[in-house]
Amino acid sequence: MLSIVILTWNSWALLEECLAALPSATAPLATEIIVVDNGSRDGTTAGLARHPEITTITNVTNRGVAPGRNQGLCRARGEFAALLDVDTVPAPGAFATMVARLRADPAVGLVGPKLVDLDGGLQYSCRRFPTLLDKVCRRLPAGVGRALTVDYVIGACQVIRRAALDHVGLLDEHIFYGPEDVDLCLRLQRAGWKVEYVPDAVVMHLERRVTRKLLSSLTARHAYGLGYFFWKHRYLFRRPVIELERRAA
């Protein structure tokens, strides 16, 4: 079974569109959907009440990305767990394609799709590990047409093998907002799991960046998260080198 965890905060219109796309995006997989509402005040609670088939977790306040997603992951029962941003619309078959890749190679712990914008333009969702000097990470080739082992795929959509998640642990809750997705991918690789980019799976991503407002509280928390990430993994200027080997069974 595939468990899909969606975190939302004052985004009911986006959430409705995302949920509407999931039946065709997940078919023919057995699926459960878990929505974590991080203290919305826009009618999200009433909207979700019309979907009794969805497991809903409601927080009184915004607990942040990593803590909120972890709440969903703790409720997830699937062999695979997907973390999905609320501002996404997965294409038909997207999740079946990613799960098939995970099933094809037991050494792969996490995969991510090709992300496109509203007009179909490519978003750079697979990247090199960040350094202090290149906060805008070096991007991998845009023309990749096959599954490719990468440093990390961004957290707008990640599908994770539950065994791999149990091996390395949940998202780091010291990171309120970014880069919890990079941290997870790095921990997985250091534990012997592969991270792959699967371009045959396509997800439209509206990329609603709440940190774009200069000097906002979330911007400050994002900057703290980056500093914490570099401190935690003990590097600044040179990317960590991971020698990936097939994990022992």
- line: residue 94 fails exactly one of (1) open to solvent by 10 Å² or more (accessible area, probe 1.4 Å); (2) in contact with a Pro (Cβ under 8 Å, 6 or more places away or on another chain), namely (1)
task: Please work out which residue is surrounded by the most Cβ atoms within 10 Å (Cβ to Cβ), limiting yourself to segment 42-79 and to residues that are among the β-branched types (Val, Ile, Thr) and under 21 Å from residue 26 (Cα atoms).
output: 55
Conditions (1) open to solvent by 10 Å² or more (accessible area, probe 1.4 Å); (2) more than 16 Å from the chain's Cα centre (by Cα); (3) not aliphatic (A, V, I, L, M); number of the one not met by residue 11: (1)
- prompt: So which residues in segment 186-224 are modelled with pLDDT of 80 or more and in a helix (DSSP H, G or I)?
  reply: 186, 187, 188, 189, 190, 219, 220, 223
- prompt: Are there any pairs, at least 6 apart or on different chains, whose C-beta atoms fall under 8 Å, with the first in segment 118-143 and closer than 25 Å to residue 17 by Cα and of a type in the set (A, V, I, L, M) and the second assigned to a loop (DSSP other than H, G, I, E, B) and at pLDDT 65 or above, and if so, which?
  reply: 118/206
query: Inside segment 6-18, can you point out the residues that are touching a strand residue (DSSP E or B) at 6+ places or on another chain (Cβ under 7 Å) and of a type in the set (A, V, I, L, M, F, W, C)?
result: 6, 7, 9, 15, 18
field: Set 86, 111, 35: member being crowded, with 18+ Cβ neighbours inside 10 Å, at pLDDT 95 or above and under 18 Å from residue 165 (Cβ atoms)
entry: 111
- request: Could you list, in sequence order, all residues of segment 161-185 that are closer than 13 Å to residue 111 by Cβ and not in a helix (DSSP H, G or I)?
  value: 161
statement: When restricted to 30, 20, the only residue closer than 19 Å to residue 90 by Cα, out of contact with any helix residue (DSSP H, G or I) (no Cβ under 7 Å at 6 or more places or on another chain), of a type in the set (Gly, Ala, Ser) and touching a residue at least 24 places away in the same chain (Cβ under 8 Å) is 30
task: Those residues that are in contact (Cβ under 8 Å) with a residue 60 or more places away in the chain and assigned to a loop (DSSP other than H, G, I, E, B), I need them from segment 55-78; list them, please.
output: 64, 76, 77, 78
Among (1) over 19 Å from residue 80 (Cβ atoms); (2) outside any loop (DSSP other than H, G, I, E, B) - the single one residue 52 does not satisfy: (2)
- prompt: In segment 116-123, is there at least one residue being assigned to a strand (DSSP E or B) and at pLDDT 95 or above?
  reply: yes
task: Starting from segment 155-170, keep only residues that are of a type in the set (A, V, I, L, M, F, W, C), then list their pairs with residues that are surrounded by fewer than 16 Cβ atoms within 10 Å (Cβ to Cβ) whose Cβ atoms are within a distance under 6 Å, requiring at least 6 positions of separation or different chains.
output: 168/191
Residue check, residue 164 open to solvent by 10 Å² or more (accessible area, probe 1.4 Å), among the hydrophobic types (A, V, I, L, M, F, W, C), modelled with pLDDT of 90 or more and in contact with a strand residue (DSSP E or B) (Cβ under 8 Å, 6 or more places away or on another chain): no
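The values are calculated or read from the model by the stated rules, or taken from the named source; none is laboratory data. If you're wondering where the values come from, they're calculated on a predicted model, not measured in any experiment. Counting neighbours? That spans all protein chains shown, and the Cβs are built from the backbone with ideal geometry, glycine included. With ligands, DNA and RNA removed, areas are computed over all heavy atoms of the protein, side chains included. Shrake-Rupley method; radii C 1.70, N 1.55, O 1.52, S 1.80 Å.
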